Amino acid sequence: MNKKSLDVGGQAVIEGVMMRAPGKFVIAVRREDGNIVVKKKEIQIDNKPLFKKPIFRGLIALYNALILGVSALNFSAYHAFGEGSEKVSKKEMLLSLVLGLGFGIGLFIFLPLLLTDLMKHILSVLKQSFLAYNAVDGIIRVIFFILYIYIISFFKDVRRVFEYHGAEHKAIYTYESGKDLTVENAKNMSRFHPRCGTSFLLIVMIVSILIFSLIPKDAHFVIKLLSRIVFIPLIAGLSYEILKLSDKYNHSSLVQILIKPGLWLQKLTTKEPDESQLEVALVSLKLALDKDMDNEGLIYVS
């Protein structure tokens, strides 16, 4: 990896890729007519000193997933299929966030906690040890997460998104290796990246087991549930630092072993992209890096 490279990341969207570089946010989407629609925006939050500090900078990952992610998905749906609206109002954004968070909290926090709480009447160890209680809760949460990914992977539209996810990783690997950002170079790169959001979510689930163990074991169910929601920013911050460290020391044999589960999970969340998908990912990345490029076939929107 080129150590002088800027820290870049991305997210697959509908028929496209969102790329993030420091201070930049770019979406590139392939329209049905074959043209690529792009949107580039400056991100002011990156300039805030607080979000450059350890733990707090992990909140940027939440911001990318929630605020920018919802905006990018809506933009891509509009330009790929003509669904929804190009620009999301604050009211629509809030509604999308509430629905998305509600679904995530219900499926990955409330239900695993409820099942664990019911299981303590069968397994006495769950009453005696809150570490065991949280371990079971975390295992159930991971199982739910993997099953959810596995089930949605059978949907055609989701599979397309997973292909663009693979294109995003290949594009970033091409940049980090110092090679020219071409489709030919990107084709030879791995679609599995240790700094992937999938790996981040897996780390979040593991870290949450330790954090939630700080809550008294005899706490009321509602307290346990609310604490899991309140601690989300802290868990995200710690998980982000672990992800950064694993990427920094990825040549270590121990780190290679520790990041394996996240890479294995990416076999579900990424698929091999075709050349047209790689082209879209590379366009998004080049614009995020302010690189000169041929504008032929690109349609810019504000």
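Suppose the chain between ASP274 and LEU111 were pulled fully straight at 0.36 nm per residue; how much longer would it get relative to their current alpha carbon spacing? Spell out each step's value before the answer.
Values: separation 163, 0.36 × 163 = 58.68 nm, distance 3.79 nm.
Working it through step by step, the gained length comes to 54.9 nm.
How much length is gained on full extension from PHE221 to GLU184, taking 0.36 nm per residue of separation minus their Cα-Cα distance? The partial results should precede the final answer.
Working: separation 37, 0.36 × 37 = 13.32 nm, distance 5.43 nm.
Contour length minus Cα-Cα distance gives 7.9 nm.
Among LEU285, LEU201, LEU99, which comes first, second and so on when ranked by fewest other beta-carbon atoms within 10 Å?
Arranged by neighbour count, lowest to highest, LEU285, LEU201, LEU99 become LEU99, LEU201, LEU285.
Roughly speaking, what % of Cα-Cα pairs in region 262-302 are separated by over 16 Å, rounded to a whole number?
On the way: 426 of 820 pairs.
When every Cα pair of region 262-302 is considered, 52 percent fall beyond 16 Å.
Taking a ≥ b ≥ c as the square roots of the Cα gyration tensor eigenvalues, with a/c under 1.5 meaning rounded and otherwise prolate when a/b beats b/c, else oblate, which class fits region 81-206?
Working: a/c = 2.78, a/b = 1.60, b/c = 1.74.
It comes out oblate by the Cα gyration axes.
Strictly over 25 Å apart at the Cα level, which of LYS224/LYS244; LYS170/LYS260; LYS179/LYS271; LYS53/LYS224; LYS91/LYS291 would you flag in this model?
LYS224/LYS244; LYS53/LYS224; LYS91/LYS291
Compute the long axis of helix 90-105 from its Cα atoms, compare it with the longest principal axis of the Cα atoms of the chain, and write down the angle in degrees, 0 to 90, nearest 10.
50
Rank these for me by crowding, SER199, SER124, going from fewest to most other beta carbons within 10 Å.
Ordered by Cβ neighbours within 10 Å, fewest first: SER124, SER199.
Got a sec? Charge dipole of the chain, +1 on Cβ for Lys and Arg, -1 for Asp and Glu; which of SER71, VAL301, ILE215 is way out at the positive end?
About the Cα centre, the residue reaching furthest to the positive side is ILE215.
Sticking with the crude label model, points 7 Å out along Cα→Cβ, report the distance from LEU298 to VAL230 in nm, one decimal please.
4.7
Put one equal scatterer on each alpha carbon of region 9-301, apply the Debye formula with no solvent term, and list log10 I(q)/I(0) at q = 0.13 1/Å to two decimals.
Treating every Cα as an identical point scatterer, log10 I(q)/I(0) equals -0.95.
What list of ³J(HN,Hα) values in whole Hz, one per residue of region 66-81 in order, does the Karplus curve 6.51 cos²θ - 1.76 cosθ + 1.60 (θ = phi - 60°) give from phi, with Gly and Pro shown as x?
8, 6, 5, x, 5, 4, 5, 5, 5, 4, 5, 5, 5, 7, 7, 10
Can you work out the FRET efficiency for the pair GLU241 and SER213, with r the C-beta to C-beta distance and R0 = 22 Å, to the nearest 0.05?
0.70
Using +1 at the C-beta of Lys and Arg and -1 at the C-beta of Asp and Glu, which of LEU225, SER124, ALA171 has the Cα lying farthest in the positive direction of the dipole of the chain?
So the residue furthest toward the plus end is SER124.
Run the numbers for ILE45 and SER253: contour at 0.36 nm per residue of separation, minus the present Cα-Cα distance, in nm. Write down the numbers at each step before the final one.
Numbers: separation 208, 0.36 × 208 = 74.88 nm, distance 3.57 nm.
Result for the pair: 71.3 nm of gain on full extension.
Listed highest first by mean packing, meaning other Cβ atoms within 10 Å per residue, what order do 226-233, 55-62 come in?
55-62, 226-233
Give me Rg over Rh for region 86-159, both radii from the alpha carbons and Rh done the Kirkwood way, two decimal places.
Values: Rg = 16.8 Å, Rh = 14.5 Å.
With Rg and the Kirkwood Rh in hand, the quotient comes to 1.16.
With +1 on each Lys and Arg Cβ and -1 on each Asp and Glu Cβ, and nothing else charged, work out how big the dipole of region 9-301 is about its Cα centre, in Debye to the nearest 20.
Value, rounded to 20: 1040 debye.
Counting other C-beta atoms within 10 Å, and keeping those with at most 15, which DSSP coil trypsin sites (Lys or Arg not before Pro) do you find in region 178-227? Don't skip to the end; give the middle numbers.
Details: sites: LYS179, LYS187, ARG191, ARG195, LYS217, LYS224; in loops: LYS179, ARG191, ARG195, LYS217.
Counting only loop positions with at most 15 other Cβ atoms within 10 Å, the trypsin sites (Lys or Arg not before Pro) in region 178-227 are LYS179.
Where a number appears in this text, it was derived from the coordinates with a stated rule and is not lab data. All values derive from a computational prediction rather than experimental measurement. Heads up, the Cβs are rebuilt from the backbone with ideal geometry, glycines too, and the neighbour counts pull from every protein chain shown.
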